[in-house]
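Colleague: Pasting in a structure now, in structure tokens, and then I'll have a few things to ask.
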Amino acid sequence: MRQFLAANWKMHLYPIEALHLTTALHKGWERHGWTLPAVLFPPAIYLRELVALLSNSRLQVGAQNGYPGEFGAFTGEVSMAQLAHIGVKWVLIGHSERRQHFGETGPLLRRKLQDAQQRGLSVIYCVGETLAQREAGQTFDVLQVQLEEVLSDGAIAWDRFVLAYEPVWAIGTGVHATPQQAQEVHAFLRAQLARLGAPAEGICVVYGGSLKPSAALELFSQPDVDGGLVGGASLEASSFLQIAQALLQARS
Ligand code: PGA
């Protein structure tokens with residue numbers, strides 16, 4: 001069954017808070033006996049600790065960023081090889097905040113994705129249009145370019161690939177896409193994945209952007225919305241657990 005949940009902590013939390021949140025989520029998964037696949041994406045300084053804390057957990061650990069390669073003169077960067085070496089299983093690629101604030105574009109994202117997978121990491125690749133692009137009727141064109149420039153003609157390990165639709169206008173704004181808007185785009189993205197040679201029916205396409213417990217059930221009830229990439233609402237154990245519950249309910 002297609003279901004997948006991710007928590008993007010972004011640049012938040014002090015060590016004690018990260019520890020408490022991780023422990024509470026692990027206990028929540030244990031208490032319910034959930035097998036729902038979920039990945040926590042903490043700031044890089046907490047990766048090692050989370051890998052150790054969650055070694056016997058259903059919850060996995062991912063990095064919010066990584067640089068292609070093993071070692072090199074790239075001050076400030078952490079390589080995909082280093083991430084894989086310490087037991088990180090996932091990496092986020094193409095998040096709109098990386099595109100917007102750090103100038104990451106297609107060619108680099110393509111290298112990141114290919115290098116990450118070659119080193120055994122699984123990838124969440126994020127795509128999404130801005131409000132101006134949506135209002136100009138360019139949503140599908142923008143998404144198609146974002147998919148093609150990173151996924152076409154590459155040797156993609158589709159069994160270690162999740163696609164996240166994150167409309168930029170919904171991220172951190174409190175305004176999420178409507179279930180109809182999300183479904184329309186997710187169905188389009190799945191069709192594009194098929195066109196690019198992916199086994200699209202088996203690939204999780206998850207939604208992100210102001211995803212809250214109150215909106216989760218209706219969003220996850222759409223046939224092509226297979227889960228979520230949760231930012232703000234993943235910083236509190238109770239709201240992330242409620243979102244997990246909604247996903248399980250929608251898919252039961
Ligand atoms: P948000 O962030 O849930 O706080 O909108 C989602 C994301 O950027 O991954």
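Colleague: Tell me, which longest segment in the chain has none of the chymotrypsin sites (Phe, Trp or Tyr not before Pro) that fall in DSSP loops with at most 11 further Cβ atoms within 10 Å? Don't skip to the answer; put the middle values down first.
Modeller: Working: sites that count: PHE71, PHE74, PHE102.
Longest gap between qualifying sites, sites excluded: 103-252.
Colleague: Check GLY208: other-chain or 5+ apart residues with amide H under 5 Å from its amide H, H built from backbone geometry?
Modeller: HN-HN under 5 Å from GLY208: TYR165, GLU166, LEU229.
Colleague: Could you check the spin-label model distance between GLN180 and HIS85? Points 7 Å from the Cα along Cα→Cβ, value in nm.
Modeller: Using points 7 Å along Cα→Cβ, the separation is 5.3 nm.
Colleague: Ok, one more. Can you give the Kirkwood hydrodynamic radius of region 38-134 from its Cα pairs, in Å with one decimal? Working shown, then result.
Modeller: Working: mean 1/r = 0.0718 Å⁻¹.
13.9 Å is the Kirkwood radius here.
Colleague: So between SER152 and ALA24, what do we pick up on full extension, going 0.36 nm a residue minus the alpha carbon distance? All intermediate terms of the calculation are to be shown ahead of the outcome.
Modeller: On the way: separation 128, 0.36 × 128 = 46.08 nm, distance 3.99 nm.
Full extension from SER152 to ALA24 adds 42.1 nm.
Colleague: Rounded to whole Hz and in sequence order, give me ³J(HN,Hα) for region 212-228 from the Karplus expression 6.51 cos²θ - 1.76 cosθ + 1.60, θ = phi - 60°, writing x for Gly and Pro.
Modeller: 10, x, 5, 9, 5, 4, 5, 5, 6, 7, 6, x, 9, 9, 9, x, x
Colleague: Right, something else. Charges on Cβ only, +1 for Lys and Arg, -1 for Asp and Glu, centred on the Cα centroid of the chain; of ALA38, ILE93, GLY106, which one is farthest towards the dipole's positive end?
Modeller: Highest projection toward the positive end goes to ALA38.
Colleague: I'd like to check one number: the per residue accessible area of the chain, probe 1.4 Å, reported in Å² as a whole number. Numbers along the way, then the final one.
Modeller: Values: 11210 Å² over 252 residues.
Roughly 44 Å² per residue, with all protein chains present.
Colleague: Counting only protein heavy atoms and using a 1.4 Å probe, what share of the accessible area of region 4-250 belongs to carbon plus sulfur, as a whole percent?
Modeller: On the way: 5750 of 10810 Å².
Exposed carbon and sulfur together represent 53 percent of the surface.
Colleague: From zero up to wherever the largest Cα-Cα distance of the chain sits, split into 10 Å bins and tell me the percent of pairs in each.
Modeller: Once binned at 10 Å, the Cα pair distances of the chain give 7, 34, 39, 19, 2.
Colleague: Hey, if you put +1 on the Cβ of every Lys and Arg and -1 on every Asp and Glu Cβ in the chain, which of GLN118, GLN146, LEU131 ends up farthest toward the positive end of that dipole?
Modeller: GLN118
Colleague: For region 135-174, what is the Kirkwood hydrodynamic radius in Å, using each pair of distinct C-alpha atoms? Walk me through the numbers on the way to the answer.
Modeller: On the way: mean 1/r = 0.0818 Å⁻¹.
Its Kirkwood hydrodynamic radius stands at 12.2 Å.
Colleague: Within the set of other residues whose C-beta is less than 13 Å from the C-beta of GLN146, count the net charge using Lys and Arg as +1 and Asp and Glu as -1. Don't jump to the answer; show the numbers that get you there.
Modeller: Working: positive: ARG98, ARG99, ARG110; negative: GLU104, GLU129, ASP141, GLU148, GLU149, GLU166.
Net of charged neighbours comes to -3.
Colleague: Let me ask you something else. To the nearest 20 Debye, how big is the dipole of region 4-250 about its Cα centre, given +1 on the beta carbon of each Lys and Arg and -1 on that of each Asp and Glu? Present the calculation step by step, with values, prior to reporting the outcome.
Modeller: Working: 17 positive and 22 negative charges, 105 e Å.
For region 4-250, the charge dipole is close to 500 debye.
Colleague: Something else now. When the Karplus curve 6.51 cos²θ - 1.76 cosθ + 1.60 is applied with θ = phi - 60°, which whole-Hz ³J(HN,Hα) does each residue of region 160-171 get, with x for Gly and Pro?
Modeller: Each residue's phi maps through the Karplus curve to give 10, 9, 10, 9, 10, 8, 10, x, 4, 5, 9, 6 Hz.
Colleague: Something else now. Running Debye on region 1-55 with equal point scatterers at the Cα sites and no solvent, what base-10 log of I(q)/I(0) appears at q = 0.21, 0.23 Å⁻¹?
Modeller: Summing over Cα pairs of region 1-55 leads to -0.82, -0.96.
Colleague: Hey, another quick one. Could you work out the local net charge near VAL185, counting Lys and Arg as +1, Asp and Glu as -1, over the other residues with Cβ closer than 11 Å to its Cβ? Write out the running numbers ahead of the final one.
Modeller: On the way: positive: ARG134, ARG190; negative: GLU129, GLU166, GLU184, ASP224.
Charge balance near VAL185 sits at -2.
Colleague: Same structure again: Given a cut-off of under 8 Å on Cα pairs at least six residues apart, what relative contact order in percent is computed for the chain? Mind showing how you got there, number by number?
Modeller: On the way: 460 pairs, mean separation 49.2, N = 252.
Once divided by the residue count of the chain, the mean separation gives 20 percent.
The values are calculated or read from the model by the stated rules, or taken from the named source; none is laboratory data. No experiment lies behind these values; they were computed from the predicted model shown. With ideal geometry, Cβ positions are generated from the backbone for all residues, glycine too; neighbour counts draw on all protein chains shown. For the accessible areas, the whole protein counts, side chains as well, though only heavy atoms, and no ligand, DNA or RNA atoms are used. Shrake-Rupley method; radii C 1.70, N 1.55, O 1.52, S 1.80 Å.
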